[in-house]
């Protein structure tokens, strides 16, 4: 019996992923096990994480290294949930001051054009406004706070939707922080990404590192990261290398780091969240029972200090100005 019920049950439809979303290989796919949860939580909603009473499974591609789910929610239904749940999903604004020094090294001496994919409330665009000229955004929903800072395009679309119109002109810099794990079709997403960047321009992205999550969780099927319904895939460094070669980029930087969002939390909040992670590691059964009784998600809490993400800088090959 639950003491508190904070989530409302809701249904969502899933579709099968028949081949690797990155390299499209349908062979050499390793089964890493069933996702170790029977439900997804999203905003104020709760969904069963199964298809025809069978659990969703985690697979790994032997060709490009991408890990992905056997079934994912339909894109239009998930996009609607994102729009409905903005307040519940993101109650903070990430600080991007750490990016300024990096970007000034990449693009010195002139005001560059910037497209932020997954712009949410426009925090990154605001942080870069003193350096950039044209500020544009792409997301699956429109955010009023983001619209205030955009002085270029505001594209409401999926990055990996091939029929959506692309930008009229290429950008000097495209940023994607915690975005590429949401792609349904990784190959299509990176093909469109290449169209958004001018020759000699840069992509700066952050996403989770599958190998780090595997060590942290005792297997990707146990990872709280993949127990989020909106996370369809997780990358390895070899996946990034495959994509860079396939779509005409050179890898400039790839390094492990702490998730960008955690820098925005106060020390007290970080300590509290880290304590939950320690309790989960030492007493998983107790943690799950306590969270279930209080009506909260029972998935593995993230570490506030583990370098389980990677920062990637890609440079588009071609004539440079």
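Readers should treat all values here as calculations from the given coordinates under stated rules, not as data from a laboratory. Just so it is clear, the structure is predicted and the values come from calculations on it, not from any experiment. We place every Cβ from the backbone using ideal geometry, glycine too, and count neighbours over all the protein chains shown.
Ranked from highest to lowest mean number of other Cβ atoms within 10 Å per residue, what is the order of the peptides 34-46, 221-233? It would help to have the intermediate numbers written out before the result.
Values: 34-46: 18.5, 221-233: 22.1.
Descending mean neighbour count gives 221-233, 34-46.
Output the peptides 123-131, 282-290 sorted from most to least packed, where packing is the average of other Cβ atoms within 10 Å over each peptide's residues.
Working: 123-131: 18.9, 282-290: 12.6.
With the highest mean Cβ count within 10 Å placed first, the list reads 123-131, 282-290.
Report, to two decimal places, the Cα Rg of the range 42-139 normalised by 2.2 N^0.38 Å (N = number of residues).
1.49
For the range 136-183, what Kirkwood radius comes out of the mean inverse Cα-Cα distance, in Å?
On the way: mean 1/r = 0.0841 Å⁻¹.
Roughly 11.9 Å, rounded to one decimal.
What whole-number distance in Å separates the alpha-carbon centres of the range 294-314 and the range 119-135? Rounded to whole Å, the Cα centres lie 25 Å apart.
Stretched out fully, how many nm does the piece from residue 85 to residue 97 gain, at 0.36 nm a residue minus the Cα gap? The partial results should precede the final answer.
Working: separation 12, 0.36 × 12 = 4.32 nm, distance 2.66 nm.
Gain on stretching residue 85 to residue 97: 1.7 nm.
Taking the three principal axes of the alpha carbon atoms in the range 200-250, the coordinate ranges are 39, 20, 15 Å, sorted in descending order.
Calculated [222 nm] ellipticity per residue, helices only, for the chain: -8000 deg cm²/dmol; basis is -39500 (n - 2.57) per DSSP H run with n ≥ 4, divided by all residues, nearest 500. Could you state the number of Å between the C-alpha centres of the range 234-254 and the range 1-73? First find each Cα centre; the distance between them is then 25 Å.
Quick one: in the range 202-321, what % of C-alpha pairs are over 24 Å apart? It would help to have the intermediate numbers written out before the result.
Values: 2660 of 7140 pairs.
That fraction is 37 percent.
Based on the Kirkwood radius over alpha-carbon pairs, what is the Stokes-Einstein translational diffusion coefficient of the range 97-157 at 20 °C with 1.002 mPa s viscosity, in µm²/s? Roughly 184 µm²/s, to the nearest whole number. Eigenvalues of the alpha-carbon gyration tensor of the chain, scaled by 5 and square-rooted, set the equivalent ellipsoid semi-axes at 32, 23, 19 angstrom, largest first.
Over the range 20-86, what number does the Rg to Rh ratio reach, with both radii from the alpha-carbon atoms and Rh per Kirkwood?
Numbers: Rg = 13.9 Å, Rh = 13.4 Å.
Rounded to two decimals, Rg over Rh is 1.03.
Using just the alpha carbons, could you tell me how many Å³ per residue the convex hull of the range 128-229 encloses?
Numbers: hull volume 14.1 nm³, N = 102.
Taking only Cα atoms, the range 128-229 has a hull volume of 138 Å³ per residue.
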